[in-house]
1. How many residues does segment 82-91 contain that are surrounded by 15 or more Cβ atoms within 10 Å (Cβ to Cβ) and either of a type in the set (D, E, K, R) or part of a helix (DSSP H, G or I) (or both)?
2. Condition first: over 27 Å from Leu160 (Cβ atoms) and open to solvent by 50 Å² or more (accessible area, probe 1.4 Å). Now tell me which residues in segment 62-81 satisfy that.
3. Considering (1) surrounded by 12 or more Cβ atoms within 10 Å (Cβ to Cβ); (2) out of contact with any Phe, Trp or Tyr (no Cβ under 9 Å at 6 or more places or on another chain); (3) not in a helix (DSSP H, G or I), say which one Val124 fails and leave the rest.
4. Can you tell me how many residues in segment 127-141 are in contact (Cβ under 8 Å) with a residue 60 or more places away in the chain and open to solvent by 70 Å² or more (accessible area, probe 1.4 Å)?
5. Within segment 90-102, is there a residue that is over 18 Å from the mean Cα position of the chain (by Cα), at pLDDT 85 or above and within 15 Å of Leu131 (Cβ to Cβ)?
6. I need a count of the residues in segment 97-132 that are out of contact with any Asp or Glu (no Cβ under 7 Å at 6 or more places or on another chain) and of a type in the set (Phe, Trp, Tyr).
7. Which condition does Val30 not pass, out of (1) within 30 Å of Ala156 (Cα to Cα); (2) more than 18 Å from the chain's Cα centre (by Cα); (3) open to solvent by 90 Å² or more (accessible area, probe 1.4 Å), if it passes all the others?
Amino acid sequence: MVAYKETRDAFLLAGAFVLPFVIGGGALGVLSGALLKARRFVLGLLPLAPALLFLVHTHSSLKSEEEVKRRGMEFISTEKHMLKLLGQPLQPNVASLSKDRHGSIRRIEYSFAGHPSTYALVDVTGDESSLSFHVACVTSLGLGQREVGKDDCAQAPVALPEVP
């Protein structure tokens, strides 16, 4: 009975959200084809503009996200408190990303090779031209181990050492 309900819900979800996009995309394709066949080239390409804009936006978003990850990795690898806490050299890995409602990265969680229970949460502020990084906290619990709805930094915090 449970499998039936989950399958039925999946079909409802697909019917409510996916199907309109597929039908709309098909209709735009048919309209574009008819206009191109009638040799109305400018009007024929116009219905394809949303798809082209979506692809361009997705590509630029991915480039921006990779830049934030790269600069965040540089920051955490040279951060004085983390170097004193874990020693050198640091080998950070991106464990998770948190984004705001616009899709911009606002927090990056790093794990460290050789330190299985140490996670640094780094806040990202600013836009692509003026990014700023700040270690929000260090915790001994990874994303899947922390309780949802509670402050990440209040759960099993690790004290950062004083740095002169």
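The values are calculated or read from the model by the stated rules, or taken from the named source; none is laboratory data. This one's a predicted model, so the numbers in the text were calculated from it and none came from an experiment. Here the Cβ is made from the backbone with ideal geometry for all residues, glycine too, and neighbour counts use every protein chain on show. What goes into the accessible areas is simple: the full protein's heavy atoms, side chains included, and nothing from ligands, DNA or RNA. Shrake-Rupley method; radii C 1.70, N 1.55, O 1.52, S 1.80 Å.
1. We begin by selecting, within segment 82-91, every residue surrounded by 15 or more Cβ atoms within 10 Å (Cβ to Cβ); these are 82-83, 85-86, 90.
Now drop any that are not either of a type in the set (D, E, K, R) or part of a helix (DSSP H, G or I) (or both), which leaves 82-83, 85-86.
Number of matching residues: 4.
2. Leu62, Lys63, Glu66, listed by residue number.
3. (2)
4. Here is the first cut: in segment 127-141, the residues in contact (Cβ under 8 Å) with a residue 60 or more places away in the chain are 128, 131, 133.
Adding the requirement that they be open to solvent by 70 Å² or more (accessible area, probe 1.4 Å) leaves 128.
Going through segment 127-141 one residue at a time, the tally reaches 1.
5. Of all residues in segment 90-102, those over 18 Å from the mean Cα position of the chain (by Cα) come to 90-91.
Imposing the further condition that a residue be at pLDDT 85 or above reduces the set to 90-91.
Restricting the remaining residues to those that are within 15 Å of Leu131 (Cβ to Cβ) gives none.
No, because not a single residue in segment 90-102 is over 18 Å from the mean Cα position of the chain (by Cα), at pLDDT 85 or above and within 15 Å of Leu131 (Cβ to Cβ).
6. 2
7. Exception for Val30: condition (1).
Each row is one residue, and each column tells you yes or no for (1) hydroxyl-bearing (Ser, Thr, Tyr); (2) under 26 Å from Thr58 (Cβ atoms); (3) without any contact (Cβ under 8 Å) to a residue 12 or more places away in the chain.
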| residue | (1), (2), (3) |
| --- | --- |
| Arg71 | no, yes, no |
| Glu74 | no, yes, yes |
| Lys84 | no, no, no |
| Gly87 | no, no, yes |
| Leu90 | no, no, no |
| Val122 | no, yes, no |
| Val148 | no, no, yes |
